[in-house]
Amino acid sequence: MDAELQKYSLGGAKSKVQAWDDFCVISGQWMLRGVGIFLIADRNTDEAIGFSGLWFPLDQEVPELCWSLFPGNMGKGYATEAAMAARQWVYENRTYHQLVSYIHPDNIASCAVAERLGAEVKTRTILYGENRLVYMH
């Protein structure tokens with residue numbers, strides 16, 4: 001992923017090795033917790049355009065609903081649609097009744113997605129050394 005896409009992601013842009021490690025962690029969440037990240041694909045071309053789903057590390061009490069789009073796919077409603085679908089899947093298939101999204105305050109696009117989903121800012125926090133708004137769904 002490019003640096004612009006990773007600007008608001010925890011830890012910033014990743015090396016190939018770091019990206020591989022993240023992929024393994026995400027895959028492990030599916031196996032161990034039954035939740036994880038979905039790939040977002042364009043309906044017409046089946047091209048990968050981003051991802052959305054749940055991130056639920058052991059040190060968090062509430063799973064995080066997250067989303068990110070690859071360059072060239074922003075501003076088309078894909079993130080909102082995908083996050084809505086992921087949230088609905090969680091509510092229908094898992095026992096989680098509350099979700100959180102940790103969003104960098106300067107990430108206006110993701111804040112707008114969270115608000116379109118009906119999430120509200122409850123507080124601010126420092127997550128892994130970085131400032132975040134805490135949106136509750």
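The set of residues in the range 39-70 that are assigned to a loop (DSSP other than H, G, I, E, B), in contact (Cβ under 8 Å) with a residue 12 or more places away in the chain and either hydrophobic (A, V, I, L, M, F, W, C) or touching a helix residue (DSSP H, G or I) at 6+ places or on another chain (Cβ under 6 Å) (or both) comprises Phe56, Val62, Phe70.
Just give me the residues in the range 44-86 being farther than 23 Å from Val134 by Cα and of a type in the set (Ser, Thr, Tyr), in sequence order. Selection gives Thr45 alone. Any residue at all in the range 28-38 that's part of a loop (DSSP other than H, G, I, E, B) and touching a residue at least 24 places away in the same chain (Cβ under 8 Å)? Yes, that holds for at least one residue. Applying the selection to the range 69-102, what residues are modelled with pLDDT of 95 or more and among the aliphatic types (A, V, I, L, M)? Selection gives Ala79, Ala82, Ala83, Met84, Ala85, Ala86, Leu99, Val100. Selection of first residues in the range 78-97 that are aromatic (Phe, Trp, Tyr) and of second residues that are in a helix (DSSP H, G or I), restricted to Cβ pairs under 9 Å at least 6 apart or on distinct chains, gives the following pairs, ordered by first then second residue: Tyr96/Val90.
Once the range 35-44 is narrowed to residues that are out of contact with any Lys or Arg (no Cβ under 7 Å at 6 or more places or on another chain) and within 15 Å of Asn93 (Cα to Cα), the residue that is surrounded by the fewest Cβ atoms within 10 Å (Cβ to Cβ) is Phe38.
The values are calculated or read from the model by the stated rules, or taken from the named source; none is laboratory data. Predicted model only: the values in this text are computed from it and were never measured. For neighbour counting, all protein chains shown are included, and Cβ atoms are generated from backbone atoms with ideal geometry for every residue, glycine included.
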